[in-house]
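The values are calculated or read from the model by the stated rules, or taken from the named source; none is laboratory data. Source: prediction; values computed, not measured. Ideal geometry is used to build each Cβ from the backbone, glycine not excepted, and the neighbour counts take in all protein chains shown.
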Amino acid sequence: MLRELLARVGQGYRTGDFPERDPALPDRFRGRPELSQSPCAESCDACARVCPTAAVKGSPEGPVLDLGKCLFCGDCAKACPSSSIAFSRQHRLASLERDALVLRGKAATDVPSVLRPAAAALCSRSFRLRQVSAAGCNACEADANVLGTLAFDMGRFGIEFVASPRHADALVVTGPVSKNMALALRKTYDATPDPKFVIACGACAIGGGPYAGHDEVEGGAAAVVPVDLWVPGCPPSPFTLLDAMLRFIGRG
Ligand code: SF4
Ligand code: SF4
């Protein structure tokens, strides 16, 4: 027993200091894009040609990029002959409005507020989440799940996943919502007590992601339930999701 206690003391405190300090992001992380406002050459479609999800195109006001469709592969930045697209390390990507995810001429520092006063009033000290995995690839689920580990410990903010929608304040939807999952998502939403919130987590839940247009998917959570918070990424970094939820409930 003494040996176990000494081992535990030796391990020390391992929870990160986010959000007090900037997140320790991996070298390959791509965050909020920086888009030039200089006009794109009229015939140039270099970015659109390489984009797997039709998330970006050129325009007379510079590139237009839909964060909700973007998989953050970085191919458009590499393809752009005028270096009009770059990806910063800004992890704050979420929005309260779907339309606000369509960026043009934006700097990485233009981060919209995602404070939802009703959520802050009710959930700032206890925000219970029910996860609905609606046919995603499991990466969004894995990176949401990691928030419960000691590295992130979202429980210290009163945020936890719960086993039943009846105990939840919000649904976290991942995946493009297959036809087979649409009824389950609707029933889960109906079983969640009012007032309730819906978080669309990842490109699939926002609009279908790489599966958009497929016959067997609804094309995102909003086709079935109303969405309150949109969190881009494929998958969103755990820091992006945690930041979005903290600011949504007035803790960020
Ligand atoms: S980074 Fe996003 S917008 Fe650019 S090519 Fe990849 S998916 Fe398309
Ligand atoms: S958004 Fe990307 S990571 Fe998330 S479920 Fe879809 S394909 Fe997988």
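One residue is enough: does the range 5-23 have a residue meeting the conditions of a type in the set (S, T, N, Q), in contact (Cβ under 8 Å) with a residue 12 or more places away in the chain, within 28 Å of residue 143 (Cα to Cα) and within 16 Å of ligand 2 (Cβ to nearest atom)?
So in the range 5-23, the residues of a type in the set (S, T, N, Q) come out as 11, 15.
If we keep only those that are in contact (Cβ under 8 Å) with a residue 12 or more places away in the chain too, we end up with 15.
This time we only want the ones that are within 28 Å of residue 143 (Cα to Cα), so: 15.
Of the ones still in play, those that are also within 16 Å of ligand 2 (Cβ to nearest atom) are none.
Scanning the range 5-23, I find no residue that is of a type in the set (S, T, N, Q), in contact (Cβ under 8 Å) with a residue 12 or more places away in the chain, within 28 Å of residue 143 (Cα to Cα) and within 16 Å of ligand 2 (Cβ to nearest atom), so the answer is no.
Tally up the residues in the range 198-219 that are assigned to a loop (DSSP other than H, G, I, E, B) and either of a type in the set (A, V, I, L, M, F, W, C) or near ligand 2 (Cβ under 10 Å from one of its atoms) (or both), please.
Adding up the residues that qualify gives 3.
Mind listing just one residue for me: the one in the range 117-130 that is charged (D, E, K, R) and assigned to a strand (DSSP E or B) and, of those, nearest to residue 203 (Cα to Cα)? So that I can check it myself, show each step before the final result.
To start, the set of residues in the range 117-130 that are charged (D, E, K, R) comprises 125, 128, 130.
Retained after the next criterion (residues that are assigned to a strand (DSSP E or B)): 128, 130.
Numbers: 128: 23, 130: 19 Å.
It comes out as 130.
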Which of the residues spanning the range 30-61 are surrounded by fewer than 20 Cβ atoms within 10 Å (Cβ to Cβ), within 26 Å of residue 92 (Cβ to Cβ) and more than 24 Å from the chain's Cα centre (by Cα)?
37, 38, 59, 61
Output yes when any residue across the range 169-182 is within 12 Å of ligand 2 (Cβ to nearest atom), small (Gly, Ala, Ser), assigned to a loop (DSSP other than H, G, I, E, B) and surrounded by 23 or more Cβ atoms within 10 Å (Cβ to Cβ), and no when none is.
yes
Can you tell me which of (1) in contact with a Cys (Cβ under 9 Å, 6 or more places away or on another chain); (2) under 25 Å from residue 119 (Cα atoms); (3) among the aromatic types (Phe, Trp, Tyr) is the one residue 239 doesn't meet?
(1)
Here the qualifying pairs (Cβ atoms under 8 Å; residues six or more apart or on different chains; first in the range 131-157 and touching a residue at least 12 places away in the same chain (Cβ under 8 Å) and closer than 13 Å to residue 201 by Cβ; second β-branched (Val, Ile, Thr) and assigned to a loop (DSSP other than H, G, I, E, B)) come out as 134/177
Working only within the range 29-56, note down all residues that are away from ligand 2 (no atom under 16 Å from the Cβ) and among the basic types (Lys, Arg).
32, 49
Residue that is surrounded by fewer than 23 Cβ atoms within 10 Å (Cβ to Cβ), without any contact (Cβ under 8 Å) to a residue 12 or more places away in the chain and under 30 Å from residue 153 (Cβ atoms), where the choices are 190, 194, 228:
194
Can you name the residue in the range 205-225 that is out of contact with any helix residue (DSSP H, G or I) (no Cβ under 7 Å at 6 or more places or on another chain) and buried (at least 21 other Cβ atoms within 10 Å of the Cβ) and is also farthest from residue 100 (Cα to Cα) among such residues?
208
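Confirm whether residue 166 is within 21 Å of residue 125 (Cβ to Cβ) and modelled with pLDDT of 95 or more.
Working: within 21 Å of residue 125 (Cβ to Cβ): yes; modelled with pLDDT of 95 or more: yes.
For residue 166, the condition - within 21 Å of residue 125 (Cβ to Cβ) and modelled with pLDDT of 95 or more - is met.
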Select from the range 211-234 the residues that are within 16 Å of ligand 1 (Cβ to nearest atom) and either in contact with a Ser or Thr (Cβ under 6 Å, 6 or more places away or on another chain) or among the charged types (D, E, K, R) (or both) and list them in ascending order.
230, 233
